[in-house]
Amino acid sequence: MSSKYTHFEQIKFPSTCSIKSLKFCQDEFVVKNDDVIVVTYPKSGTHWVMETLSLIQCKGDSTWVQSTPIWERFPWIEVEHLQHLICTKEENGPRFYTTHLPIQLFPKSYFHSKAKIIYVMRNPRDVVSLCHYSKVLKLFERIDNFCEMLEMFSQGNVPYGSWFDHICGWLSLRENDNFLILTYEELLHDMRRNVDKICHFLGTTLKEEEINFVIKNASFSVMKDNKMSNYSMIPDYIMDHSQGSIIRKGITGDWKNHFIVAQSEAFDSLFQERMTELDQRLFPWDQC
Ligand code: A3P
């Protein structure tokens, strides 16, 4: 069953990551001070934030997002066939990257740099939208049964490992100046405020009109139609487009359509048990 995956350091990864590419990433990739890296656990709003950053970089102008695939704008540092891009990126201006790596496998060079990380989190109950994605992305084992997916997710037996470990690991950097935390729920609740937050973090100032263009061009409906960002160009042997899209519903609380009461209670207990050490205000999804 698990032959679809690359296994490294007790975590399974899609086969687009090899042991060689994971080791390269950790030991050899040199992060530079100007780099900006979007880090997320899968299904947390990665593409939305990449699109937003691309637009902020272009002051709201959509030419770049409409002409260059998102994986070229923000190459995945752990993905083998994209590693030529991460090494040949222009030196001038910030280099943008993205990753789902847990902190212990992240490039070691980052920890001696001033590079900026934007860490995006989402209510883990909605992250279980992984279940839908497993039907679309042929690199993942297809899990049709939600109950089975929830069990695997709770045990961390899914690509990129445990959500809880990912969050606890990365949040250990939360006091650092070069580390910004965003949540999917807050983005949805108040995108304007979050664009301001990102601009401030990057040291960028945009005019009111430019901010409005960023918000409009990164909206769910515009992104869903942007073939440079919606993965519709990915060939059928990698994605089964008849099963859905990575830009799917774009709402919070969809988990309520899938969890039964007993699953919800069990997940709440697991959450409390695994997250006791962290300030619960870090997880604002119940307030949004
Ligand atoms: P759903 O499957 O719950 O709809 P990631 O980019 O990390 O894979 O996250 C995918 C999730 O982000 C999907 O959630 C997708 O619909 C949502 N998403 C993508 N673009 C979005 C946008 N512009 N606005 C709101 N949600 C978006």
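The values are calculated or read from the model by the stated rules, or taken from the named source; none is laboratory data. Everything numeric here is computed off the predicted structure, so don't read it as measured data. Neighbour counts are summed over all protein chains in view; Cβ atoms, including those assigned to glycine, are modelled from backbone coordinates with ideal geometry. Surface accessibility is based on the protein's heavy atoms, side chains included, excluding ligands, DNA and RNA. Shrake-Rupley method; radii C 1.70, N 1.55, O 1.52, S 1.80 Å.
Side notes on the structure shown:
- Share of carbon and sulfur in the accessible heavy-atom surface of the chain [1.4 Å probe, %]: 50 percent
- Helix runs (DSSP H) in the chain reaching 15 Å along axis by Cα, Kyte-Doolittle at least 0.0: 46-57
- Largest-first principal axis extents of the Cα set of segment 1-74 (Å): 43, 31, 20
- Sequence-ordered 3J(HN,Hα) estimates for segment 220-233 from the Karplus curve with 6.51, -1.76 and 1.60 and θ = phi - 60° stand at 4, 5, 5, 5, 4, 8, 8, 5, 7, 10, 9, 6, 5, 7 Hz, glycine and proline given as x.
- In the context of the full set of protein chains, the chain has a per residue accessible area of 47 Å² (1.4 Å probe).
- GNM top mover of 217, 230, 176 - the chain, alpha-carbon springs below 10 Å: 176
- Shape of segment 165-220 from the C-alpha gyration tensor: oblate (a/c of 1.5 or more and a/b not above b/c, with a ≥ b ≥ c the square roots of its eigenvalues).
- Rounded if a/c under 1.5, otherwise prolate or oblate - segment 205-288, Cα gyration tensor axes: oblate
- Annotation: peptides 23-31, 119-127, ranked by per-residue average of other Cβ atoms within 10 Å with the highest first, follow the order 119-127, 23-31.
- For residue 253, residues with placed amide H under 5 Å, excluding near neighbours: none
- Gyration tensor (alpha-carbon) shape descriptor, segment 130-288, a/c threshold 1.5: oblate
- Residues with amide H under 5 Å from that of residue 38, placed H, sequence gap 5 or more: 97, 98, 99, 118
- Listed peptides 148-157, 59-68 appear in the order 148-157, 59-68 once ranked by packing, highest mean of other Cβ atoms within 10 Å at the front.
- Cα-only Debye scattering, the chain: base-10 log of I(q)/I(0) at q = 0.07, 0.12 Å⁻¹: -0.24, -0.76
- Taking the chain and dividing mean pair separation by its residue count, relative contact order in percent (alpha carbons under 8 Å, at least six apart): 25 percent
- Taking every DSSP helix (H) stretch of at least 4 residues in the chain, weighting each as -39,500 (n - 2.57) and dividing the sum by the residue count yields a mean residue ellipticity at 222 nm of -10500 deg cm²/dmol.
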